[in-house]
Structures are given as C-alpha cells and as structure tokens.
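Undergrad: Sending over a structure as structure tokens; questions will come in a sec.
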Amino acid sequence: MNGGLRMSRKQTFTIFGGTGDLTFRKLIPALYNMYAAEKDELCAQVVIIGRRDYTSEAYRELARGWVEKFARLHYKAEVYDELAKRITYYRMDFTDENAYGGLDELYRERGVEEHIFYFAVAPRFFSTIVRGLKRVSGAEGGKVVLEKPFGENLAAAASLNQEMEAFFKAENIYRIDHYLGKEMVRNIQTIRFANPIFSNVWDAEHIACVQISALEEVGVETRGGYYDHSGALKDMMQNHLFQILTIVAMEQPGSPGVEDMHQEQMKVLASLRIMDDTASSMVLGQYEGYRGEASVNPDSGTETYAALRLFVDNERWRGMPFYIRTGKKLGKREMQVAVVFKSPAPGLEQNILNIKIQPTEGVYLQFNIKKPGESDDIIQAKMDFCQSCSFINQMNTPEAYERLIGACFRGERSWFSQWDQIETSWKYVDQIREKYHAEGCALHSYEPGTDGPAAAADLLARYEHEWFD
Ligand SMILES: NC(=O)c1ccc[n+]([C@@H]2O[C@H](COP(=O)([O-])OP(=O)(O)OC[C@H]3O[C@@H](n4cnc5c(N)ncnc54)[C@H](OP(=O)(O)O)[C@@H]3O)[C@@H](O)[C@H]2O)c1
C-alpha cells in the first residue's frame, strides 16, 4: 500500500491555522484523500501550528473525526493511521517572534530541507508570520500558499504583496482561489474550445448575455466579524467571480502553461470597462437581519449581495453584457455560468448553455425542437447532463483543495491567482465600489430566502434580459 509515495523526510507541509475551520473541513481531509489515492507527491511530514493545548496524539485523534466526516474517499483506519504518523502538532503563538526559534529547532531535528507553508489564517497575520519565519533556516527558499482574501483593497494588497515577495521568491507564492480547483471551472476551457458547436459562436455576435451566479443559502454564520469588513464585492466578486469571468471570456491560450493562460486572463481584466451609469449597472443589497448577526456592526453598511452589469471592451465581446451576482441568505445554494444565445428569429426562444459548478456539477443545454406529432409548434428541448450524479465520478473527482495542494506540491501554477490579476481586479472593484457610494446609490434590503433585492431583477429587465435560474 502507498508504495508510490515519496517518503523523503526532507519535505514538510506546515499549516499555520491548523486548528481552524478551514483545516478541519478542507485541508486535513484533502491530505487524507491524496494519501488514500496514493498520490506520490504527498509531503513526508505535516506540521500543524495552533495555540490550542494539544499533544500530537490528541490532534491526530481529533483530525481522525474530521477525515471520517469530510473526506471524499471512504475512511479507512489503516490509511488514516499511516497519514497520522506524519502529523506533528506544534503549539505556538505565531505573533511571538521568539517562538520561531523552537519551530526552527523542530525542523532541524527532523532534517527538513524543503518547506511548503500554508497560511490558513486571516490575512492580517501574513506579514507577522513572514517576520517570524526569518528565524527559520531555509524558510525563504520554500513555497507558501496564501488563503484569500489577499488584502482588503488595492493599497493593502500591494503592500502585502511587496512583503511576501521580499521574503519568498515570486514563483514560490501560491495565492489560492479554491474556485479555480472546482471540476466544472476546470471544464469551462474544454467545453468552450473542444466543441465547435460552442467555440464558433462564443462571441457578442451570437450571445445575448453571459450570467455568472454564486448564490448562497447561508448567512454569515460565525464569520460576521470578518465578513462585516469585507462584503460580497471583496469576498466573492473581486477574486472568485472575476477569475471565472476571465476563463469564460479569454481567448484560447497558446499553450496549457501558466504564462499563456495568465496573459489571456489578464487581457480580459484589463478590458473591463468602468461603468458610466453606476445606478443602472450595479446593485448592492443587505439581507434583513444582517445587522443583528453576531460580531456585525448594528449600523453596518456592508453589502451581502452584489450584482453587476459589466462589459469587456474587446473585439470578441464589445457591446455584450456580462451579468455577475453573488449573495448570502438567498433561496438556494447554486453556482453556475449561463450563456444565453441570441434568438435567431422573433418569437423563438433563446438557446441556453448552463455550466453548473456547484452543488450539482454538469451541463444543461436548452434548444428549440419541433413538437412531436403533426403540429409545427416549436418547444424547448432541455438536455441535462449531470456529471456529479455518478458515484464513480464523485469518487474520481478530487476536491478543489486536494487538487490545488497537489498542484502546489508539483509546482504547477496555472490554477493559482497571479499578482497582476489580483492587482487589476482590486483596482476595478475599488473603483466601482467608491463610485457606487460617491453617487449615493442605495443599499437595497432583501428578505432572507428570496432571490435577493428586486433591483437586481430590474437591472436585467431594463435591458430585456432576466436571470436564468
Ligand atoms: N473556513 C473556510 O471555509 C474558508 C474558506 C476560504 C477561505 N478561508 C480563509 O482561510 C483563513 C482561515 O479561516 P478559518 O475559517 O480556518 O479561520 P478560524 O477557524 O478562525 O481559524 C483561525 C486559525 O488561526 C489560528 N490562530 C489565530 N491567531 C493565532 C496566533 N496568534 N497564533 C497561532 N495560531 C493562531 C487559530 O488557532 P487557535 O484556534 O489554536 O487559537 C486557528 O487555527 C481566513 O483567511 C479565511 O478567510 C476560510
């Protein structure tokens, strides 16, 4: 079993924030899946850093429960036991620079030569940890994975980036955007470029609008303190949804390598037009009851919903709107990209291609067909391919974190956000946000469990479009 695993004791995966929610639900289960699938890139040692008072044994037993609950692959005690042997819990306060001497000692004892650090902590701690890591020999030559959000605005992100790049090599910084690890986001390029039925009509001449939606049923839950300083534009739009937009809108990269793909994504971001008329291009909303959530300012003006009407000013897309929406406490949890084609003749329904990203993964295609029988009436055929409905597919599809951690171990950078992308999208989001507030546009209230503010439906209705649900 696991004969293919690289057993070198020299490579170590260290998780700062190893007792947090992300580590429980995603990172440890991802390591288990990688181990159970016999991926040969798994690090030989895993060092978990947190403040809580655990021994390594106690932590391993706690983590066993998370694996049983959250891992994609079946829990097998003998597989977990092998993984657990590699896990060491190291208790420290990472804001205490002196504590890093002890960590350095631990690495020396273990003969660690190659580091991968995962910062599963709030971004305000990134610089603090980097300062501490200056006391760990060889840390600067390691890789680092940074969780979102990367900064709180353009200025903060730029200064954070400068600090990161002053310590780690630029090519060793992996800014994670876990949406880029999702199966159907990875599939967008194949659907677009490997099918002439789509690639030949993928432009403003044939498409009426593209709609990208990321809807959540839950509210802020226990993360009110974080979310209230962030909001829908910063938490979802600036990173995840803009990344998906670039993949939907970019030209086909010259090669599968990181450089070509980023170049094409960057061209899309650089072509985003700042809207002239903010009030008819953007809707921000807040769900009723948000201000009463734990750790939220009772007078909060933070948006829990955002919808945008955007234009990519280039030859392919000129004049065609991209509608993007995201929000919390909506009637359903759903993420999808709907491509609404132009109707070929008055009175004919539009063809719709819907790429379903989560929770169901699949592709839905709606097209016109003659009604069976003698009638010449035209009706809608609705083909619904569900990729994730197959148990085998579920078992064989790595989860986003599993895929991205593996890519980082292997040094594959295509599916991580690059600094220039983050910089450009922050610039855009900062600008439209400021414009929205400077022009006194409303923060629309909406009832939990609905589709969001009525103004978001009006945003499309004004142009004779409607959200595809
Ligand atoms: N949770 C998610 O699903 C999710 C999804 C996407 C992105 N993220 C991002 O991932 C990051 C972590 O999120 P999270 O939900 O895991 O946060 P969390 O549950 O609040 O966990 C925070 C972690 O940081 C540790 N920590 C805080 N201060 C510390 C200190 N001074 N010294 C040592 N450890 C310290 C905590 O350790 P102790 O508990 O031992 O004190 C805990 O392990 C955030 O940037 C978040 O935006 C999270």
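Taken together, the values in this text are just the output of simple stated rules run on the coordinates, not laboratory data. The shown structure was predicted, so the numbers you read here are calculated from the model rather than taken from an experiment. Please note: Cβ atoms are built from the backbone with ideal geometry, for glycine as well, and neighbour counts cover all protein chains shown.
Undergrad: May I ask you to compute the full-extension gain from LYS10 to HIS206, defined as 0.36 nm times their residue separation minus their alpha-carbon distance, rounded to one decimal in nm?
TA: Taking 0.36 nm per residue and subtracting the Cα distance, the gain is 65.1 nm.
Undergrad: Then there is this: In sequence order, what are the phi-derived ³J(HN,Hα) couplings for region 223-230 according to the Karplus relation 6.51 cos²θ - 1.76 cosθ + 1.60 with θ = phi - 60°, rounded to whole Hz, with x for glycine and proline?
TA: Values, residue by residue: 9, x, x, 5, 5, 5, 8, 10 Hz.
Undergrad: Rg to Rh for region 11-147: what is it, with Cα atoms only and Rh by Kirkwood? Don't skip to the answer; put the middle values down first.
TA: Numbers: Rg = 14.3 Å, Rh = 15.1 Å.
Rounded to two decimals, Rg over Rh is 0.95.
Undergrad: Run the numbers for LYS134 and ARG333: contour at 0.36 nm per residue of separation, minus the present Cα-Cα distance, in nm.
TA: Additional length available on full extension: 67.4 nm.
Undergrad: Still on this structure, please answer the following. With the Cα gyration tensor of region 258-303 giving a ≥ b ≥ c as the square roots of its eigenvalues, does the rule (a/c under 1.5 for rounded; else a/b larger than b/c for prolate; else oblate) give rounded, prolate or oblate?
TA: Cα axes put region 258-303 in the oblate bin.
Undergrad: Something else: What distance in nm lies between label points placed 7 Å from Cα along the C-beta direction at TYR463 and SER56?
TA: 5.8 nm
Undergrad: How do SER375, SER127 line up, fewest other C-beta atoms within 10 Å first?
TA: On the way: SER375 9, SER127 15.
Ascending Cβ contact count within 10 Å gives the list SER375, SER127.
Undergrad: Under a point-charge model restricted to the Cβ atoms of Lys and Arg (+1) and Asp and Glu (-1), what is the dipole moment magnitude of the chain relative to its Cα centre, in debye to the nearest 20?
TA: 980 debye
Undergrad: Skipping prolines and chain starts, which residues have an amide H placed within reach, meaning under 5 Å, of the one on ILE378, given they are 5 or more residues away or on another chain?
TA: LYS371
Undergrad: On to the next question. Over the chain, what is the relative contact order in percent, taking alpha-carbon pairs closer than 8 angstrom and at least six residues apart?
TA: 16 percent
Undergrad: Could you list which residues have their amide H under 5 Å from that of ARG175, counting only those 5 or more apart in sequence or on another chain, with H placed in the peptide plane?
TA: Amide H to amide H, under 5 Å and 5 or more residues apart or across chains, ARG175 pairs with LEU146, SER417.
Undergrad: Once you list every other residue whose beta carbon is under 9 Å from the beta carbon of ARG135, what net charge do they have if Lys and Arg are +1 and Asp and Glu are -1?
TA: On the way: positive: ARG131, LYS134; negative: GLU97, ASP104.
Spelling it out: positives minus negatives among the neighbours equals 0.
Undergrad: Once a ≥ b ≥ c are taken as the square roots of the eigenvalues of the Cα gyration tensor of region 313-454, is the result rounded (a/c under 1.5), prolate (a/b larger than b/c) or oblate (a/b not larger than b/c)?
TA: Oblate is the answer for region 313-454, as a/c is 1.5 or above yet b/c matches or exceeds a/b.
Undergrad: Follow-up question, since we're still on this one. May I ask which of LYS267/LYS435; LYS329/LYS427; LYS76/LYS143; LYS148/LYS427 have a Cα-Cα span longer than 19 Å here?
TA: Beyond 19 Å between Cα atoms: LYS267/LYS435; LYS329/LYS427; LYS76/LYS143.
Undergrad: Could you work out how far the C-alpha centroid of region 184-229 sits from that of region 124-145, in angstrom?
TA: Going from one Cα centre to the other spans 34 Å.
Undergrad: Then there is this: I'm a student and want to see the number: the projected area of the Cα convex hull of region 268-334, averaged over all directions, in nm².
TA: For the Cα atoms of region 268-334, the hull's average projected area reads 6.4 nm².
Undergrad: Also, I was wondering about something else. Is the chain best put as rounded, prolate or oblate by its Cα gyration tensor, with a ≥ b ≥ c the root eigenvalues, rounded for a/c under 1.5, and otherwise prolate when a/b is larger than b/c, oblate when not?
TA: prolate
Undergrad: Quick check: pseudo-label points 7 Å beyond the Cα along Cα→Cβ at GLN380 and ASP21, how many nm apart are they?
TA: 3.6 nm
Undergrad: Something else now. Region 294-383: which GluC sites (Glu not before Pro) are DSSP loop and have at most 10 other beta-carbon atoms within 10 angstrom? Can you show the working numbers first?
TA: Numbers: sites: GLU303, GLU315, GLU334, GLU349, GLU361, GLU374; in loops: GLU303, GLU315, GLU349, GLU361, GLU374.
For GluC sites (Glu not before Pro) across region 294-383 that sit outside H, G, I, E and B with at most 10 neighbouring Cβ atoms in 10 Å, the list reads GLU315, GLU374.
Undergrad: Additional query: So what are the ³J(HN,Hα) numbers for region 347-356, from phi and the Karplus equation (6.51, -1.76, 1.60; θ = phi - 60°), rounded to whole Hz, Gly and Pro as x?
TA: x, 8, 5, 7, 6, 9, 10, 10, 8, 8
Undergrad: Separate question: Sort VAL258, VAL47 so the one with the fewest other Cβ atoms within 10 Å of its own Cβ comes first.
TA: Placing the least packed residue first, the sequence is VAL258, VAL47.
Undergrad: For the chain, what is the percent of antiparallel DSSP beta bridges, rounded to the nearest 5?
TA: Antiparallel bridges make up about 55 percent of those DSSP assigns within the chain.
Undergrad: Mind sorting CYS441, CYS386, CYS43 by how few other Cβ atoms lie within 10 Å of their own Cβ, fewest first?
TA: Going from least to most buried by this count: CYS386, CYS441, CYS43.
Undergrad: Can you list the cysteines of the chain that have no other Cys Cβ under 4.7 Å away?
TA: Within the chain, the cysteines lacking a partner Cβ under 4.7 Å are CYS43, CYS209, CYS408, CYS441.
Undergrad: Taking Cα pairs under 8 Å and at least six residues apart, what relative contact order does region 11-147 come out at, in percent?
TA: 32 percent
Undergrad: Measuring from centroid to centroid over Cα atoms, what is the spacing of region 411-425 and region 324-377 in Å?
TA: When both Cα centres are located, 31 Å separates them.
Undergrad: List every residue whose amide H lies under 5 Å from the amide H of GLY219, counting only residues 5 or more places away in sequence or on a different chain, with H placed 1.01 Å from N in the peptide plane.
TA: Placed amide hydrogens put LYS329 under 5 Å from GLY219.
Undergrad: What is the local net charge at GLY102, summed over the other residues whose Cβ is closer than 12 Å to its Cβ (Lys, Arg +1; Asp, Glu -1)? Don't jump to the answer; show the numbers that get you there.
TA: On the way: positive: ARG91, ARG108, ARG135; negative: ASP93, ASP96, GLU97, ASP104, GLU105, GLU109.
The answer is -3.
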